[in-house]
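Notes follow once the structure below has been shown.
Every number in this text was worked out from the coordinates using simple rules, so none of it is lab data. A quick note: this is a predicted structure, and the numbers were derived from the prediction, not measured. Every residue, glycine among them, receives a Cβ derived from its backbone with ideal geometry; neighbour counts consider all protein chains shown.
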Amino acid sequence: MKNKLLSLSLIIITALVISCNQSNSNNQITSNKDSTIAKQKLIKEEPVSYTVDGKNYNGYVAYDSSQADKRPGVLVIPEWWGLTDYPRNRAKQLADLGYIAMAVDMYGDGKIADNPKTAEELATPYYKDPTLAKKMIDVAINKLKTFPQTDTAKIAAIGYCYGGYIVLNAAKLGADLKGVVSFHGDLSGVVPDKKMIKAKILVCHGDSDSFVNPQVAGFKKAMDSAGVGYTFKSYPNATHAFTNPASDENGKKFNMPIRYNAAADTASWNDMKVFFKKIF
C-alpha cells in the first residue's frame with residue numbers, strides 16, 4: 001500500500017513539473033512574440049513645407065516612429081528630374097537603417113521634370129551659381145532640425161547626379177554637415193578651401209560614366225592641392241545614374257548613355273553605410 005501511495009505521489013509531482021515547464025515555455029514564447037512585435041519598425045512618412053525667398057518648397061520626411069531616441073538626420077538631394085518617387089524611396093531606406101531622412105525639393109512646389117530639356121532648365125541656375133547649393137542645403141538642414149527625432153549635431157547629405165553636385169558644393173562652401181555622399185554626381189563647381197570644409201566626403205563614381213569621367217582628374221587635383229581629405233570609390237562597368245532602376249528606361253527613351261547597375265548600386269550603398277558609421 002505504501003509503495004502504491006509513493007508511486008502515485010511521484011506521478012502527481014512529475015505531472016506538476018511538466019505542467020510548470022510547459023507554462024514557462026509558453027510564457028517564454030509569448031514574451032518572445034511580444035518582444036518581436038515591440039521591435040518591428042514603423043516607418044512614418046510625412047510631407048514637409050517651408051518657404052525660401054517667397055517660394056514654397058515641398059519636401060518629404062521618413063523615420064521609424066517605433067524608435068524613441070534621437071537619431072542622425074540625412075538629407076536626400078534628387079537627380080535633376082526633381083523630387084520623384086526615387087529620392088522618396090531612398091529616404092524610406094535610410095529610415096529603415098535608423099536615420100531620419102528628408103528628400104529635398106530643390107525646384108519649389110514639388111516641381112519635377114519629365115524630359116531632359118526641362119530638367120536642364122531647372123538645374124542650370126545651380127550650375128551657374130554653386131552658392132545656391134549651400135543656400136538650399138542650409139535651409140533644409142534647419143528644417144530637418146525642427147523634428148524632435150533628429151539629433152541636431154549629426155546631419156549628413158547624400159545626392160544623386162545633379163544632387164551629388166549640390167552636396168559636394170555645399171560641403172566645399174562650408175555647410176554644417178558631418179558628411180556628404182555623391183552618387184554619380186557632377187564634380188564641377190567651386191574651388192575647394194580646406195579651411196571652409198566641415199564635412200567628410202565620399203564620392204561614389206561609375207568608371208564608365210561618360211558625363212563625369214572628364215571631370216575626375218581635375219576634381220582630384222583640386223582636392224589634393226587644397227589638402228582636403230576625401231574618399232573616392234569607382235565601380236566597374238557603371239555608367240551615369242547607375243543607382244536608379246529607371247535609368248534603363250530613361251536611357252532608351254531619351255537616347256542617353258545611362259544604365260542601372262545592380263552590383264554598383266549595392267556596393268555604393270554599402271560604402272555609404274560604412275561611411276555613416278564612421279562619421280556618426
Pop the C-beta distance of Asn56 and Asn237 into the FRET formula with R0 = 45 Å and round what comes out to the nearest 0.05.
-> 0.60
Search the structure for amide H atoms under 5 Å from the amide H of Val48, placed 1.01 Å from N in the peptide plane, and list their residues when 5 or more places away or on another chain.
-> Gly59, Tyr60, Val61
Please find, in a Gaussian network model of the chain (springs between Cα atoms separated by less than 10 Å), the residue of Pro130, Pro214, Pro245 whose mean-square fluctuation is greatest.
-> Pro214
Using a simple charge model, +1 on the beta-carbon of Lys and Arg, -1 on the beta-carbon of Asp and Glu, nothing else, what dipole does the range 41-279 show about its Cα centre, in debye to the nearest 20?
-> 760 debye
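Can you give me the Kirkwood hydrodynamic radius for the chain, using every pair of distinct Cα atoms, in Å to one decimal?
Across the chain, the inverse of the average 1/r is 20.8 Å.
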Once phi for every residue in the range 157-172 is put through the Karplus expression 6.51 cos²θ - 1.76 cosθ + 1.60 (θ = phi - 60°), the whole-Hz ³J(HN,Hα) values, with Gly and Pro written as x, are 9, 10, x, 10, 6, 3, x, x, 4, 4, 6, 5, 6, 4, 5, 5
In nm, to one decimal, how far is the Thr124 label point from the Met256 one, both placed 7 Å along Cα→Cβ?
-> 1.6 nm
Given the pairs Lys44/Lys253; Lys135/Lys200; Lys145/Lys198, which span a C-alpha to C-alpha distance of over 27 angstrom in this model?
-> Lys44/Lys253
With the dipole of the chain worked out from charges on the C-beta (+1 for Lys and Arg, -1 for Asp and Glu) around the Cα centre, which of Asn250, Tyr127, Tyr235 lies farthest toward the positive end?
-> Tyr235
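Subtract the Cα-Cα distance of Lys195 and Glu45 from 0.36 nm times their separation in residues, and report this length gain in nm to one decimal.
50.3 nm
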If you build a Gaussian network model of the chain, linking Cα atoms that sit under 10 Å apart, which residue out of Lys194, Lys178, Lys253 swings the most?
-> Lys253
So between Thr146 and Ala246, what do we pick up on full extension, going 0.36 nm a residue minus the alpha carbon distance?
-> 32.7 nm
Toward the positive end of the charge dipole of the range 41-279, about the Cα centre and with charges on Cβ (Lys, Arg +1; Asp, Glu -1), which of Val190, Cys161, Gln93 goes farthest?
-> Val190
In order through the range 238-246: 3J(HN,Hα) via Karplus (6.51 cos²θ - 1.76 cosθ + 1.60), integer Hz, x for Gly, Pro | 9, 8, 4, 6, 5, 8, 9, x, 6
